[in-house]
Amino acid sequence: QATIARCCIAAISAHGSASYTGLLIRSNFNREISMQAQLADLYRAGIRSAADMMKLSLEQTERFQQQQLQLIRKALDESTRSTAQAGEVKGLDDMVAFNSRLAGAQLERVGEFWANWWRAAADAQKSMIEQFQSNMGQANEKMREGYSYAARAAEDTTRLASQAANERKEHRKS
């Protein structure tokens, strides 16, 4: 950095502060505009990521509620059938058979409910992880772009300072 500072001082003394300052101001202005654009891009990407995560979460909730609604409809249908079958029970053997079928159907519905619940939870987690990985990949790319931009800006500054020093040397020779 000391070398860059010396080159800048040499350029200013060789060509006058006005021409070098104008060049530096234009260079810094363009760099600022580009950095502001990158910051705006990062902001937009963050907002987009948050909106995508919210949308994904709401879609998962909707799917889970649809599954629950289907289970409730099945339970209502089963209840209606069970009520009709209960009216047909005539003896003790029929009542034991009816209770066995009813208990089996209820156990099946409970198992189906929990299987669907865990499946929905796993799907939601998988979707969230995929979305997170996608967002991290995009952020990684933006960071690479920012690093590349910073490296180019440093190279540009060094080149400008070097040119100014070379011009000062040529000015002294003539």
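The values are calculated or read from the model by the stated rules, or taken from the named source; none is laboratory data. No experiment lies behind these values; they were computed from the predicted model shown. With ideal geometry, Cβ positions are generated from the backbone for all residues, glycine too; neighbour counts draw on all protein chains shown. Protein only, heavy atoms only, side chains kept; ligands, DNA and RNA dropped before computing areas. Shrake-Rupley method; radii C 1.70, N 1.55, O 1.52, S 1.80 Å.
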Please indicate, with yes or no, whether at least one residue in the range 166-174 is assigned to a helix (DSSP H, G or I) and among the hydroxyl-bearing types (Ser, Thr, Tyr).
no
What is the residue count in the range 78-99 for residues that are of a type in the set (Val, Ile, Thr) and surrounded by fewer than 10 Cβ atoms within 10 Å (Cβ to Cβ)?
1
Inspect all residues belonging to the range 76-87 and state whether any of them is among the hydrophobic types (A, V, I, L, M, F, W, C) and outside any helix (DSSP H, G or I).
no
What about ALA139, is it small (Gly, Ala, Ser), at negative phi and free of Cβ contacts under 8 Å to residues at least 60 places away in the same chain?
no
Go through the range 112-130 and give me each residue that's open to solvent by less than 40 Å² (accessible area, probe 1.4 Å) and either more than 26 Å from ILE72 (Cβ to Cβ) or not hydrophobic (A, V, I, L, M, F, W, C) (or both).
ASN116, SER127
